[in-house]
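The values are calculated or read from the model by the stated rules, or taken from the named source; none is laboratory data. Nothing here was measured: the structure is a model prediction, and the numbers come from that model. Neighbour counts are summed over all protein chains in view; Cβ atoms, including those assigned to glycine, are modelled from backbone coordinates with ideal geometry.
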Amino acid sequence: MNELTTLGILEHRTGLIEEWDPLPHADLILANASLPFIPRARFTSVWERIKHALLPDGILAVDLFGSDDTWASDLGTYLTRKEVDELLDTLEVIELNERNEEGRAFDGIKHWHTFTVIARRPA
């Protein structure tokens, strides 16, 4: 077992994040390539729970998918730059990188439209 888990520093869960309520408070929330797969109808409530779970001065590191992504559909949440900016309006943005280009995927070439975000909850 991982030493961090043994010490109670790290909590790991597997399942649908939209079903976790409430989320545990955390100094770091990391969500790589998972949040875009939340149905749009449930995304706002999940995002609010994530922000609420983040402790003051806590760091949020997430990948979001953009509306121009090849995979964009009604099955997930694919955002415009304006929507991403609105999601981050109460956070201190440390880094926000937008990728909107052709690139490799598991099954070949696709158009990637992603937002990689690192933000801090103000104290």
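Could you look through segment 74-122, keep only residues that are surrounded by fewer than 15 Cβ atoms within 10 Å (Cβ to Cβ), in a loop (DSSP other than H, G, I, E, B) and hydrophobic (A, V, I, L, M, F, W, C), and pick out the one that is modelled with the lowest pLDDT? Among those residues, the one meeting the criterion is Phe106. Taking the stated definitions as given, is Ser45 hydroxyl-bearing (Ser, Thr, Tyr), part of a helix (DSSP H, G or I) and over 16 Å from Val117 (Cα atoms)? For Ser45, the condition - hydroxyl-bearing (Ser, Thr, Tyr), part of a helix (DSSP H, G or I) and over 16 Å from Val117 (Cα atoms) - is met. Is segment 51-70 home to any residue that is in a helix (DSSP H, G or I) and either under 30 Å from Ile109 (Cα atoms) or basic (Lys, Arg) (or both)? Checked segment 51-70: at least one residue is in a helix (DSSP H, G or I) and either under 30 Å from Ile109 (Cα atoms) or basic (Lys, Arg) (or both).
Within segment 67-96, residues that are within 17 Å of Arg121 (Cβ to Cβ) reach partners that are of a type in the set (D, E, K, R) with beta carbons closer than 7 Å, at six or more positions or on different chains, in the pairs Thr90/Lys51; Leu91/Arg120; Leu91/Arg121; Glu92/Arg120; Ile94/Arg120.
Among the residues that make up segment 33-46, is at least one of them touching a strand residue (DSSP E or B) at 6+ places or on another chain (Cβ under 7 Å), of a type in the set (A, V, I, L, M) and modelled with pLDDT under 95?
Yes, segment 33-46 has at least one match.
The residues of segment 13-30 include none that are in contact with an Asp or Glu (Cβ under 7 Å, 6 or more places away or on another chain) and either free of Cβ contacts under 8 Å to residues at least 12 places away in the same chain or closer than 18 Å to Phe115 by Cβ (or both).
Of the residues Leu28, Leu35, only one is within 21 Å of Arg120 (Cβ to Cβ) and either of a type in the set (Phe, Trp, Tyr) or surrounded by 13 or more Cβ atoms within 10 Å (Cβ to Cβ) (or both); which?
Criteria check complete, one pass: Leu35.
The single condition among (1) within 12 Å of the chain's Cα centre (by Cα); (2) over 18 Å from Phe115 (Cβ atoms); (3) not hydroxyl-bearing (Ser, Thr, Tyr) that Asp74 does not meet is (1).
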